[in-house]
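Single-structure report; data block below.
The values are calculated or read from the model by the stated rules, or taken from the named source; none is laboratory data. On a predicted model such as this, the values are computed, not experimentally measured, just so you know. With ideal geometry, Cβ positions are generated from the backbone for all residues, glycine too; neighbour counts draw on all protein chains shown.
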Amino acid sequence: MTTIALIGPGAIGGTVAAWLAQDPSFDVTVCARTPFADLQVETPQGLITATPKVLTNPTDATPVDWVLIATKTYDADATKPWLDHLLADHTRVAIIQNGVEHQRLFAHLVPPARIVPVIINLPAARSAPGRIVQHRHGIISVPAGKNGEDFAALFAKTEIEASAHTDFVSEAWLKLTGNSIAIVPSLTLRATGPVWNPDLEAIVRGVVEECAAVGRAEGATIPQSFVESTIETSSKMAEGSSGGSLHADRLAGHPMEIDARNGVIVRLGQKHGIPTPMNKVLVTLLAASGAPWIETA
Ligand SMILES: NC(=O)c1ccc[n+]([C@@H]2O[C@H](COP(=O)([O-])OP(=O)(O)OC[C@H]3O[C@@H](n4cnc5c(N)ncnc54)[C@H](OP(=O)(O)O)[C@@H]3O)[C@@H](O)[C@H]2O)c1
């Protein structure tokens with residue numbers, strides 16, 4: 001029996017835990033901040049339910065084979081009390097978060113060789129603790145190598161497609177580049193498509209081009225065609241469509257992953273001597289919007 005503990009059973013964590021719990025060879029425990037009785041996830045394949053063990057007190061946790069972390073990036077340090085009780089010498093830790101800094105955020109909490117950074121493309125939303133809608137088919141990318149391949153194998157009996165990539169750096173930066181545009185609707189609180197004009201396009205283009213330039217300096221391959229299609233997606237963003245989690249978190253008055261999403265472009269741009277004025281201005285404005293912003297640097 002493979003033992004798995006998932007820290008952070010929100011939209012992503014709850015969906016992943018529910019899928020893994022369908023496999024009888026896994027013993028899944030959920031480490032929650034807010035308790036719930038069971039998981040009910042409406043997936044593209046229908047409703048799946050699970051009743052994993054739900055812990056809310058880290059001292060009740062015991063060592064496991066795999067820890068999966070699906071908190072927001074700014075809650076990385078809050079996982080320490082759980083990790084203190086879940087880690088054994090063999091435990092591997094998968095970080096399922098947006099951004100490109102999985103290793104950096106957890107290097108002081110987990111031996112780096114045992115960290116598996118995970119990029120997930122799986123749009124999901126939580127309506128209440130344990131109640132989640134998975135909107136589309138899920139795809140997971142991890143780095144090639146034994147840890148990444150073993151992690152991907154956990155999903156073999158699920159409807160989530162998981163695979164290991166030799167060029168994981170590009171996988172992560174392509175996702176970040178696609179996500180980078182979300183800062184604009186998060187600021188304007190409306191879709192970009194209906195108000196698209198050359199000035200707005202110049203702002204969106206600046207955000208995306210800066211992200212791609214920094215990503216390339218970090219070693220990612222980001223085709224110019226991907227940059228153009230990301231801008232085109234922004235030009236077609238329909239009124240009423242989801243502006244993504246930054247937008248949703250701002251509307252809800254929650255903290256935002258602004259540092260992991262756009263602040264990182266500015267920070268790593270400075271490291272490489274790449275100017276990132278558009279991201280810097282928009283990050284500064286969003287931080288000044290009054291919405292809570294927790295620096296993860
Ligand atoms: N949602 C998506 O569609 C999507 C898609 C791709 C990637 N992502 C990325 O996936 C990551 C998770 O996003 P999400 O949308 O799943 O966020 P979320 O719904 O807010 O879930 C985060 C979960 O972490 C829990 N948490 C925070 N601190 C904790 C602690 N100390 N101990 C235990 N649990 C703790 C929260 O507890 P509470 O229940 O008390 O709030 C919540 O259940 C983010 O990096 C996000 O950018 C999300």
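Brief remarks on what is shown
- Condition met for Val67 (in contact with a helix residue (DSSP H, G or I) (Cβ under 8 Å, 6 or more places away or on another chain) and among the aliphatic types (A, V, I, L, M)): yes
- For the range 223-238, residues that are farther than 17 Å from Glu171 by Cα and either β-branched (Val, Ile, Thr) or at pLDDT below 85 (or both) total 2.
- For the residues Ala213, Ala238, Ala220, Ala260, the requirement of being surrounded by 14 or more Cβ atoms within 10 Å (Cβ to Cβ) and part of a loop (DSSP other than H, G, I, E, B) singles out Ala220.
- Annotation note: of Leu246, Leu251, the sole residue that is out of contact with any Pro (no Cβ under 6 Å at 6 or more places or on another chain), of a type in the set (A, V, I, L, M, F, W, C) and over 19 Å from Ile120 (Cα atoms) is Leu251.
- Extreme residue, farthest from the ligand (Cβ to nearest atom), among residues of the range 263-289 that are closer than 23 Å to Asp75 by Cα and part of a loop (DSSP other than H, G, I, E, B): Ala288
- Selected residue (criterion: nearest to Gln103 (Cα to Cα)) from residues of the range 122-138 that are surrounded by fewer than 22 Cβ atoms within 10 Å (Cβ to Cβ) and in contact with a Gly (Cβ under 7 Å, 6 or more places away or on another chain): Leu122
- Inter-residue pairs, beta-carbon under 6 Å, first more than 13 Å from Val16 (Cα to Cα) and in the range 63-75, second within 11 Å of the ligand (Cβ to nearest atom) and not in a strand (DSSP E or B), 6+ apart: Lys72/Glu257; Thr73/Gln97; Thr73/Gly99; Thr73/Glu257; Thr73/Ala260; Thr73/Thr296; Tyr74/Pro255; Tyr74/Thr296
- Qualifying residue in the range 110-121 (condition: part of a loop (DSSP other than H, G, I, E, B) and assigned by TED's automatic domain parsing to the domain that holds Asp259): no
- Among the candidates Ile265, Ile181, Ile258, the residue that is touching a Leu at 6+ places or on another chain (Cβ under 6 Å), of a type outside the set (Phe, Trp, Tyr) and within 22 Å of His102 (Cα to Cα) is uniquely Ile258.
- Filtered by the rule that a residue be more than 19 Å from Met1 (Cβ to Cβ), hydrophobic (A, V, I, L, M, F, W, C) and surrounded by 15 or more Cβ atoms within 10 Å (Cβ to Cβ), the range 52-91 gives Ile69, Ala70, Ala76, Trp82, Leu83.
- Residue that is crowded, with 16+ Cβ neighbours inside 10 Å and assigned by TED's automatic domain parsing to the domain that holds Ile7, where the choices are Gln97, Gln45: Gln97
- Screening the range 4-109 for strands (runs of 3 or more DSSP E) wholly inside it with 2 or more residues that are under 20 Å from Gly148 (Cβ atoms) and within 15 Å of the ligand (Cβ to nearest atom) returns the ranges 66-69, 92-96.
- Checking each residue in the range 125-178 for being within 16 Å of the ligand (Cβ to nearest atom), in a helix (DSSP H, G or I) and among the basic types (Lys, Arg) picks out only Lys175.
- Number of positions in the range 139-154 that are crowded, with 20+ Cβ neighbours inside 10 Å and touching a Phe, Trp or Tyr at 6+ places or on another chain (Cβ under 8 Å): 7
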